[in-house]
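Undergrad: Could you have a look at this structure, given as structure tokens, before my questions?
Just so it is clear, none of the values below were taken in a lab; they were calculated from the coordinates. Everything numeric in this text was worked out from a predicted model, so none of it was measured. So basically every Cβ, Gly included, is an ideal-geometry build from the backbone, and we count neighbours across all protein chains shown.
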Amino acid sequence: MLEIIRLHNELMGTYGDRGNADVLRYRAKARGITAKITDISYKEAIPSDGDIYLLGGAEDAAQLLSLQALRKGSMLSKAAHKGATVLAICAGFQLIGESYETREATHTGLGLLDVKTAPGTQRYVGDIAIKSSLLESPLTGFENHSSQSILGSDSLPFGKVLQGHGNGESGFDGAMSVAKRENIFGTYLHGPILARNPEFADLLLERATQSQLPALDDELADLYANWRRSFIK
């Protein structure tokens, strides 16, 4: 049984990122892998034995409330360090870094990625495309944030920006852990990212199951992904 843990969707689901869980479940089941989605409210304890953990985007107040809940018991951190796959989008990405700064205060993050986030010089809104070393095809999405994320030496960028801004003015988007046993990914790509980029969904499933997946004939998903990529300038 593959368990997909969708964290704090009532807080971190502002931009439709909840769809990432549905894509993972669909693509797993299409290959005969039994998969279920478990929704965990910010009022509930986080299980540490999930296979994939997902965090989405949110506004500032909801983001802080989610962070306070995530700190309790450090269960997400424990699961990640044991090898669970983690995908965090936008505000979720900021939460799993070392710290994120608003115009009012600086908040200590979960420390899963060596990343610090601070207010940027503008609002970054619109289509974004990146090229990740993990995948052959570029990834597309949309971004909507006003922060800059700066990577430390223990994180690698998730991808190089082809269009849009990503982490700010660095030319890169997101981050991923350099530790061999860890499968932690952060990015600013909404969309939801896994609906727009099925290859990345399959990579996460392979990391979670520690096995190579057979090819999947999903014509509609492939057509949509390629159509979105056709707009990359």
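Undergrad: Output wanted: per-residue J couplings in Hz (rounded whole) for the range 36-52, from phi through Karplus 6.51 cos²θ - 1.76 cosθ + 1.60, θ = phi - 60°, x for Gly and Pro.
TA: 9, 9, 10, 8, 10, 6, 5, 8, 9, 6, 8, x, 9, 10, x, 9, 10
Undergrad: Shifting gears a bit: Given the Cα-Cα distance of ASP22 and ASP218 and 0.36 nm per residue of separation, how much length would full extension add, in nm?
TA: Computed gain between ASP22 and ASP218 is 69.1 nm.
Undergrad: Cross-link partners among lysines for LYS78, C-alpha distance below 20 Å, same-chain residues fewer than 8 apart left out?
TA: Excluding near neighbours in sequence, the set is LYS43, LYS180.
Undergrad: Could you tally the net charge around SER211, taking each other residue with its Cβ under 13 Å from the Cβ of SER211, Lys/Arg +1 and Asp/Glu -1?
TA: Charge balance near SER211 sits at -1.
Undergrad: Same structure, new question: Step through the residues of the range 148-154 one at a time and calculate ³J(HN,Hα) from phi using the Karplus curve (6.51 cos²θ - 1.76 cosθ + 1.60, θ = phi - 60°), rounding each to whole Hz and writing x for Gly and Pro.
TA: Values per residue, Gly and Pro as x: 10, 10, 10, 8, x, 6, 9 Hz.
Undergrad: Filter the trypsin sites (Lys or Arg not before Pro) in the range 59-156 down to the DSSP loop ones having no more than 11 other Cβ atoms within 10 Å, then list what survives.
TA: Passing both the DSSP loop test and the Cβ count: LYS82, ARG103.
Undergrad: Fewest first, what order do MET12, MET176, MET75, MET1 take by the number of other Cβ atoms within 10 Å?
TA: The fewest-first ordering by Cβ neighbours comes to MET1, MET75, MET176, MET12.
Undergrad: Choose one answer from GLU98, GLU199, GLU59: the residue with the largest mean-square fluctuation in a GNM of the chain with alpha-carbon springs under 10 Å.
TA: Looking only at GLU98, GLU199, GLU59, the biggest GNM fluctuation is shown by GLU59.
Undergrad: How would you rank HIS165, HIS8, HIS81, going from fewest to most other Cβ atoms within 10 Å of each one's own Cβ?
TA: In increasing order of surrounding Cβ atoms, one gets HIS81, HIS165, HIS8.
Undergrad: I want the local charge near ASN183. Using Cβ-Cβ distances under 12 Å, sum +1 for each Lys or Arg and -1 for each Asp or Glu among the other residues.
TA: On the way: positive: LYS82, LYS180, ARG181, ARG207; negative: ASP51, GLU182, GLU206.
Here the count lands on +1.
Undergrad: Turning to a different aspect of this structure: For HIS107, what residues show an amide H to amide H distance below 5 Å, using hydrogens built from the backbone and excluding near sequence neighbours?
TA: TYR100, GLU101, THR102
Undergrad: Over the chain, what is the relative contact order in percent, taking alpha-carbon pairs closer than 8 angstrom and at least six residues apart?
TA: Working: 546 pairs, mean separation 45.3, N = 233.
It rounds to 19 percent for the chain.
Undergrad: Once every DSSP H run of n ≥ 4 in the chain is given -39500 (n - 2.57) and the sum is divided by its residues, what mean residue ellipticity at 222 nm do you get, rounded to the nearest 500 deg cm²/dmol? Intermediate results must be reported in sequence, preceding the final value.
TA: Numbers: 7 runs with 62 residues, N = 233.
So the helix-based figure for the chain works out to -7500 deg cm²/dmol.
Undergrad: Just want the ordering: ASP39, ASP51, from fewest to most Cβ atoms lying within 10 Å of their own Cβ.
TA: Listed from fewest to most nearby Cβ atoms, that is ASP39, ASP51.
Undergrad: Here's a follow-up. Quick check: the distance between the Cα centres of the range 180-233 and the range 22-54, to the nearest angstrom?
TA: 16
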